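The values are calculated or read from the model by the stated rules, or taken from the named source; none is laboratory data. What you see is a predicted model, and the numbers here were worked out from it, not measured in a lab. Cβ placement follows ideal geometry from the backbone for every residue including glycine, while neighbour counts extend to all protein chains displayed.
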Amino acid sequence: MSEVIDRPLRDDEKPAATRLRIVDCDVHPSLRSTDDLNEFLPRRWQQHLKEYGSHLRTPYLFTTPYPRSSPLIARRDAWPPTGGPPGSDLDFMRKQHLDPLDVEFGILQVLDLFIFSQQNLEFGAAIQRAINDWQLAFWTHRDPRLKASILVGQDGTDLAIAEIERCAKIGEYIQINVSPRANEPLGRRRYWPIYERAQALDLPLGIHVGGYGGHAPTGRPIMSRSTSPTRTPLPRSLRASSSRACRSAFQS
Amino acid sequence: MAVTRIDCDIHPAVGGTRTTLLPYLSDHWKEQVVSRAIDGLDLTSYPPSMPLSGRADWRPANGARPGSDLAMVQKGAFDQLGASHAILNVLYGAQAVFDAYMAADFCKAINDWIAAEWLARDSRLRASIVVPMQAPDLAIEEIERRAADNRFVSILVLAQGETLLGRRHFWPVYQLAEKYKLPLAIHAGTQYRQAPSSAGWPSHRYEYYFVEAQAFQAQILSLIYEGVFGKYPDLKVVLMESGVSWLPAFMWRANKTWRGVRVEVPWVEREPASIIRDNFRVTMQPFDAPSDAKSVEEIIDQIGSEKMFLFASDYPHWQFDGDDPIPPNLPKSIIAKMCVDNPLETFPRLSLN
């Protein structure tokens, strides 16, 4: 942990007259293990997760095809003393991040299990739903600074709509997260029903880097390392942005 | 060991890069796999917990990967299923790494591990050389490294790689394969570079497993039509865990289209089916045949070469129940050939001593 984060205010330093408000739009909570999902996941899909695991368009089951430069792409000091993976311990997240940086709101972006890239759409929908419930039970209900995202896989469009409607009724989510790499580019008309719901519900669309779209991330040709300079993480026109809906959620 | 019976396809399991392979990695990659936690390169094709990946009675009680324990493999493949010799084919992600340097070192480590912890401990075992086909020059280095060790009897590649296997940049590998009498063993599995089906991405595991037959068909055509066997007539190619009973229809159609449009590939001077019978071999689990003896006989007859069939149990993959790994209703003459004569002819480096 850096010196700046830990250093207390000296006596001659006074708090600023106006507070710098911080909304962290990209905070990653992690499962301690997939067992965390059991209470939100029907037994049939618990068993599927255990036996078959993820079905993604990538050669490996338990790592990415571009092994990262640090374990789980995390800062070395982000591993909680309680033993889980980085981002899995709310108390440690508070102590290390939310409190010292005075984060007013943190928007959760769940990347575990690459859940919006699952090829088995019914399985994907089941774990998306479980993850959406888990965000509330494990995170936002325990710390009101944290805000949950509705994670859906847009290729199961009907399933995605149903999940958006379900979460919208709960009313605690502040954006809809879809995969940056689906079967087709995000502008294709097959995905428009999702955008129609997003607009009607005044929820922005979050598109976080990641996911497996079944194509080389460079377009062509296939790169050898994740640090290759040609890597374009996202279509520029489709970046996530905050909206009136976001702001109203923060103000409530 | 009363009867000679050579099992051409069994699968030992790599536990992980930071465990099983660590002692065999170069210093650079030893440091890298630890500091970057590079591990878990189990292939999407074979989730260890998936029923197909390990029959229940061949799974270690401690939950380790099926095929990871030498004593269990010996008990299953030799004592229970009756093999006298067996060829180890490692299916781990080294062949699928994008980074060719990493792939080459992981492949080398796998081969060193197989030599030290499997081949050295049981003289009945043989192995395929795992090679980084991502970089044919590095694959060649690895083949040269093993060439003096006759316990390595073939070269293992996945059915679905970055490009079709007939492409000319792979030919130096085949030149060496022919020179050292190492057949090219194409095993089911994919690097997941493209959709595993030619029509798109399937949703389900078994859908994927089923459509792998398409990949084998594409590889056969690629190797023939690109002219590989004109250049390397003694090269043998073994289709492993490909299924067998789709061959007749495929061979008929390959012949028919070749007859019609062979002007496009004038260097292919014989019917594809005839090249398949001479240069290709196929392991017999899974076989995928109807349950009656007459149909099985017809399929064998239609394939048209008793030399093509190689006995394999595919241990520990769950292809059958019970203790008999030989598909039912096979003619007796086939059984005798596929267990001994054909493997010895296909894998010339394989001596029984």
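Out of all the residues in segment B:240-258, is one or more more than 29 Å from B:Ala293 (Cα to Cα) and either more than 14 Å from chain A (Cβ to nearest Cβ) or under 20 Å from the mean Cα position of the chain (by Cα) (or both)?
Pass one, segment B:240-258, residues more than 29 Å from B:Ala293 (Cα to Cα): B:257-258.
Next cut, either more than 14 Å from chain A (Cβ to nearest Cβ) or under 20 Å from the mean Cα position of the chain (by Cα) (or both) only: B:257-258.
Among the residues of segment B:240-258, at least one is more than 29 Å from B:Ala293 (Cα to Cα) and either more than 14 Å from chain A (Cβ to nearest Cβ) or under 20 Å from the mean Cα position of the chain (by Cα) (or both), which makes the answer yes.
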Original post:
When residues of segment B:124-166 are filtered for being of a type outside the set (Lys, Arg), in a loop (DSSP other than H, G, I, E, B) and touching a residue at least 12 places away in the same chain (Cβ under 8 Å), how many remain?
Top reply: 13
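Can you tell me which residue in segment B:191-201 is farthest from A:Leu61 (Cα to Cα), limited to those that are surrounded by 15 or more Cβ atoms within 10 Å (Cβ to Cβ) and more than 7 Å from chain A (Cβ to nearest Cβ)?
That would be B:Ser197.
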Subject >> Lone qualifier among B:Leu81, B:Leu119 - being away from chain A (no Cβ under 14 Å) and under 23 Å from B:Lys236 (Cβ atoms) >> reply: B:Leu119
Subject >> Scan of segment B:1-24 for residues that are surrounded by fewer than 22 Cβ atoms within 10 Å (Cβ to Cβ) and either hydroxyl-bearing (Ser, Thr, Tyr) or part of a loop (DSSP other than H, G, I, E, B) (or both), ordered by number >> reply: B:Met1, B:Ala2, B:Val3, B:Thr4, B:Gly15, B:Gly16, B:Arg18, B:Thr19, B:Thr20, B:Tyr24
Subject >> Identity of the residue in segment B:100-116, surrounded by fewer than 24 Cβ atoms within 10 Å (Cβ to Cβ), farther than 20 Å from B:Phe78 by Cβ and free of Cβ contacts under 8 Å to residues at least 40 places away in the same chain, that ends up nearest to the other protein chains (Cβ to nearest Cβ) >> reply: B:Ala100
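A quick yes/no check of all residues on (1) closer than 29 Å to B:Gly200 by Cβ; (2) of a type outside the set (Gly, Ala, Ser); (3) at pLDDT 95 or above:
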position	(1), (2), (3)
A:Leu136	no, yes, yes
A:Thr140	no, yes, yes
A:Lys147	no, yes, yes
A:Thr157	yes, yes, yes
A:Cys167	no, yes, yes
A:Gly171	no, no, yes
A:Ile174	no, yes, yes
**OP:** Any chance you could count how many residues in segment B:36-58 are over 21 Å from B:Trp113 (Cβ atoms) and more than 8 Å from chain A (Cβ to nearest Cβ)?
**Re:** 4
Subject >> Top-ranked residue in segment B:221-236 [being assigned to a helix (DSSP H, G or I) and touching a Leu at 6+ places or on another chain (Cβ under 8 Å); ranked as farthest from B:Ala159 (Cα to Cα)] >> reply: B:Phe229
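Yes/no per residue for (1) of a type in the set (S, T, N, Q); (2) at pLDDT below 90:
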| residue | (1), (2) |
| --- | --- |
| A:Ala17 | no, yes |
| A:Leu41 | no, no |
| A:Leu49 | no, no |
| A:Ser54 | yes, no |
| A:Pro71 | no, no |
| A:Ala78 | no, no |
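From the list B:His187, B:His169, which one is modelled with pLDDT of 95 or more, away from chain A (no Cβ under 14 Å) and either surrounded by fewer than 16 Cβ atoms within 10 Å (Cβ to Cβ) or within 16 Å of the chain's Cα centre (by Cα) (or both)?
Numbers: B:His169 fails: away from chain A (no Cβ under 14 Å).
Of B:His187, B:His169, the one residue that is modelled with pLDDT of 95 or more, away from chain A (no Cβ under 14 Å) and either surrounded by fewer than 16 Cβ atoms within 10 Å (Cβ to Cβ) or within 16 Å of the chain's Cα centre (by Cα) (or both) is B:His187.
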Original post:
Could you say whether any residue in segment B:11-20 is within 21 Å of the chain's Cα centre (by Cα), farther than 19 Å from A:Leu56 by Cβ and of a type in the set (A, V, I, L, M, F, W, C)?
Top reply: yes
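Listed residues B:Leu91, B:Leu176, B:Leu125, B:Leu164; which is crowded, with 22+ Cβ neighbours inside 10 Å, out of contact with any Lys or Arg (no Cβ under 9 Å at 6 or more places or on another chain) and not polar (S, T, N, Q)? Break it down into steps so the answer makes sense when it comes.
Numbers: B:Leu176 fails: crowded, with 22+ Cβ neighbours inside 10 Å; B:Leu125 fails: out of contact with any Lys or Arg (no Cβ under 9 Å at 6 or more places or on another chain); B:Leu164 fails: crowded, with 22+ Cβ neighbours inside 10 Å.
Residue meeting the stated conditions: B:Leu91.
Could you say whether any residue in segment B:104-115 is within 22 Å of A:Tyr60 (Cα to Cα) and among the acidic types (Asp, Glu)? Full working, then the answer.
Filtering segment B:104-115 down to residues within 22 Å of A:Tyr60 (Cα to Cα) leaves B:104-111, B:113-114.
The next check asks that each one be among the acidic types (Asp, Glu); those that pass are B:105.
Scanning segment B:104-115, I find at least one residue that is within 22 Å of A:Tyr60 (Cα to Cα) and among the acidic types (Asp, Glu), so the answer is yes.
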Original post:
How many of the residues in segment A:45-84 are surrounded by fewer than 14 Cβ atoms within 10 Å (Cβ to Cβ), part of a loop (DSSP other than H, G, I, E, B) and more than 7 Å from chain B (Cβ to nearest Cβ)?
Top reply: 4
